[in-house]
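The values are calculated or read from the model by the stated rules, or taken from the named source; none is laboratory data. Fair warning: this is a prediction, and the values are worked out from it, not measured in the lab. Note that each Cβ is placed from the backbone with ideal geometry, even for glycine, and that neighbours are counted across all protein chains shown. Surface accessibility is based on the protein's heavy atoms, side chains included, excluding ligands, DNA and RNA. Shrake-Rupley method; radii C 1.70, N 1.55, O 1.52, S 1.80 Å.
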Amino acid sequence: MSVKKHTQKEIGAFLKENIETLAFVDKYRGQLDTPGIFTFPRPAVFISFGRFEWESMVNGSQRGEGLIKFRVVTENYADSYEGSVNQDLALDFFEFNEKVHEALQGLSGTYFSNLERKTDEDDEDHGNLIVTIMEYQTTLIDNSANQTKNYVLVDPALNIEYKNKQEFTGATPETPFFVIPMD
């Protein structure tokens, strides 16, 4: 299985399990660009992989340093201006964002190291959808190239012969062991 596919599924399942009110997790494919065409339950988290810089390790394995982006989406029709009767309700998305961050910060998995938040920002112009983009740095380990090699497992047949020490050429006589008094 692809390292990124496995990581996507692992993080998505963890978020759904640990954030009670989270309704939807998906791979980000521009769903927010066409909200009328693609509808989804809210609140939602969309996951995308940013740029990863890869370096080779041993046997075809690679280590990649990079960012995973999380688009946190809530829907809100309340008014956030000072003095609004529903200002607290309008600003509750901050609480949901904090729950997402608490779940992600320090999370590690099968192929990825601890997630560490690097940036977050509001993504604007989505009407009543409030979108926050959070970026977390991590290291991925990809050993898929190693797994595809045509290795043949061999169970070697060992041939063991026992010989007396005296039969070895250049053998020396037994060295006596020392006794150290402990008084």
Measure of compaction for region 1-156 (Cα Rg per 2.2 N^0.38 Å): 1.27
Share antiparallel - DSSP beta bridges, region 20-97, percent rounded to 5: 75
Label-point separation in nm, LYS16 to ALA90, each point 7 Å along Cα→Cβ: 3.4
FRET E, pair ALA23, TRP54, Förster distance 35 Å, beta-carbon r, rounded to 0.05: 0.50
Per-selection Kirkwood Rh - region 1-74 (Cα, Å, 1 d.p.): 13.9
Computed FRET value (nearest 0.05) for ILE141 with GLU98, which takes r as the C-beta separation and R₀ as 30 Å: 0.55
Of all accessible heavy-atom area on region 1-65, the percent that carbon and sulfur account for (1.4 Å): 50
Listed residues ASN59, GLN87, SER2: farthest to the positive end of the dipole of region 1-125 (Cβ charges): ASN59
Within region 48-80, chymotrypsin sites (Phe, Trp or Tyr not before Pro) in DSSP loop having at most 14 other beta-carbon neighbours inside 10 Å: TYR77
Per residue value of the accessible surface for region 66-149 (all protein chains in place, 1.4 Å probe), Å²: 56
